[in-house]
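Here's the structure, in structure tokens; my notes come after.
The values are calculated or read from the model by the stated rules, or taken from the named source; none is laboratory data. Keep in mind the model is a prediction, meaning the values are calculated, not measured. Here the Cβ positions follow ideal geometry from the backbone for every residue, glycine too, while neighbour counts run over all protein chains shown. These accessible areas exclude ligands, DNA and RNA; they are computed on the full protein's heavy atoms, side chains included. Shrake-Rupley method; radii C 1.70, N 1.55, O 1.52, S 1.80 Å.
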Amino acid sequence: MRTFPLVNREIIMFKTIAIGCDHAAFEYKEKLIKFLEGKGYKVLDMGTDSTESCDYPVFADKVCNKVTGKEADCGILICGTGIGMSMAANKHKGIRAAVVGDLTSCEFTRLHNDANVLCMGARIIAYAQCEVFATKFLETEFMGGKHKKRIDMFEPA
Ligand code: RB5
């Protein structure tokens, strides 16, 4: 049986979170902002601001620019599936975005991939899962070591 190191739940590595969504996930984003602020995080709301149809890459770019510009420690992006947001986010150098639909992936994309943007699908998961997944993502520390070498290989030489 493989064992994995326990994560220190006292550590909150991410303090400022940039969050963005498209029309499909506006209500999830609004609720998640309140939830995260209630937990003490500073949240930068990068839009969208309504359920009016919009282009998700615009909001992926706004969030990723906050993360790469170091104004936010990490990002959260929500669209219908989370897939388009993750594709757009991963075009940014220095962004490691992961779209997740289960709790284990949330944990391991932090432990092994040092993901800095969490993507979720409002048409895929229930809102309550959003809170659970975001919490796991925000409270799990990167393991480093051999995983650092591997994520460094993502970047062009
Ligand atoms: C919008 O209809 C939808 O395409 C978007 O929310 C997202 O799921 C794209 O990946």
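Using θ = phi - 60° and the Karplus relation 6.51 cos²θ - 1.76 cosθ + 1.60, list the HN-Hα couplings for the stretch 108-121 in order, rounded to whole Hz, with x at every Gly or Pro.
6, 6, 7, 4, 9, 9, 6, 4, 10, 9, 9, 10, 9, x
Only Cα pairs within less than 10 Å get springs; with that Gaussian network setup on the chain, which residue of Gly40, Gly121, Gly75 has the largest fluctuation?
So, out of Gly40, Gly121, Gly75, the one fluctuating most is Gly40.
Using a Gaussian network model of the chain whose springs link C-alpha atoms within less than 10 Å, name the residue from Ala97, Ala72, Ala126 with the highest mean-square fluctuation.
Ala126
With θ set to phi - 60° and the Karplus curve 6.51 cos²θ - 1.76 cosθ + 1.60, what are the ³J(HN,Hα) couplings of the stretch 129-139 in order, to the nearest whole Hz, using x for Gly and Pro?
Karplus values, whole Hz, x for Gly and Pro: 5, 4, 5, 5, 5, 4, 4, 4, 4, 6, 9.
Along its principal axes, what span do the Cα atoms of the chain show, with the longest given first and each in whole Å?
Computed over the chain, the largest-to-smallest principal extents equal 47, 36, 28 Å.
Would you mind putting 77-85, 48-56, 29-37, 129-137 in packing order, based on average other-beta-carbon counts within 10 Å, highest first?
Packing proxy ranking, top to bottom: 77-85, 129-137, 29-37, 48-56.
Accessible area of Asp152, 1.4 Å probe, to the nearest 10 Å²?
Counting only protein heavy atoms, the figure is 80 Å².
Taking the Cα centre as origin and putting +1 on Lys and Arg beta-carbons and -1 on Asp and Glu beta-carbons, what dipole magnitude results for the stretch 20-157, to the nearest 20 debye?
500 debye
Return a whole-number percent for the relative contact order of the chain, with Cα pairs under 8 Å and 6 or more residues apart as the contact set.
25 percent
Considering amide H positions built from the backbone, and no H for Pro or chain starts, which residues 5 or more places from Ile76, or on another chain, come under 5 Å of its amide H?
Ala18, Ile19, Gly20, Leu118
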